[in-house]
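Input: a single structure, listed below in structure tokens.
The values are calculated or read from the model by the stated rules, or taken from the named source; none is laboratory data. All values derive from a computational prediction rather than experimental measurement. Every residue, glycine among them, receives a Cβ derived from its backbone with ideal geometry; neighbour counts consider all protein chains shown. Note: accessible area is taken over every heavy atom of the protein model, side chains too, but ligands, DNA and RNA are not part of it. Shrake-Rupley method; radii C 1.70, N 1.55, O 1.52, S 1.80 Å.
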Amino acid sequence: MPSRHARFLALALLMPALSGPALAATAAMKIELSQRTTLNLAAVKQIAQAAEDKARAQGLSVSIAIVDDAGRLVHFQRMDGTPNSSVEVAIGKATHAVNYRRDTAFHEKLLSEGNNVVLGLPSITPIEGGVRLLHGDQVIGGIGVSGARAAQDGEIAQAGADVLK
């Protein structure tokens, strides 16, 4: 272990390097952090309610999942009479929309055109019904709907996403 005298000498030798122009340049550097809009529970509940209202108006029962910009589940609801399988599918659709920054209908269309490479993408659910939640052009979350035909799921999810417009 260095002696007390050796530590003092090392510190004394470093002091000129930590003063003057070097210290001024370090102090002048500013770290810029980005700002982002995030979903809150009140907004998520309004989005889910709009989707549920659309489903009810069409006489449909669906599962509705809403995830944040990291793809983590924020809200989930399952209407009475909805198939068990719709739970994971709705969550998968919402997560897909966030992770790929595209509505699930985009990848469903590619797949229907014979672009089977889509199936190699990780954690993909290329079935209409997953819609990005946007604030301007920023993806702040995703909504996934499952339990009806894919086109109907997409309409219901879009009704929820439209709350943010």
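Miscellaneous remarks
- Computing FRET efficiency as 1/(1 + (r/R0)^6) for ARG102 and PHE76, where r is the C-beta to C-beta distance and R0 is 22 Å, gives about 0.50.
- Using a cutoff of 8 angstrom between alpha carbon atoms and counting only pairs six or more residues apart, the relative contact order for the stretch 28-79 works out to 30 percent.
- Within the stretch 52-84, backbone nitrogen closer than 15 Å to the virtual label 7 Å beyond the Cα of HIS135 toward Cβ: 67-71
- Solvent-accessible area per residue for the stretch 25-89 (1.4 angstrom probe, square angstrom): 67 Å²
- Spin-label model distance (nm) - LYS45 vs ILE31, 7 Å beyond Cα toward Cβ: 3.6 nm
- Per residue, the convex hull volume that the Cα atoms of the stretch 34-165 enclose (Å³): 102 Å³
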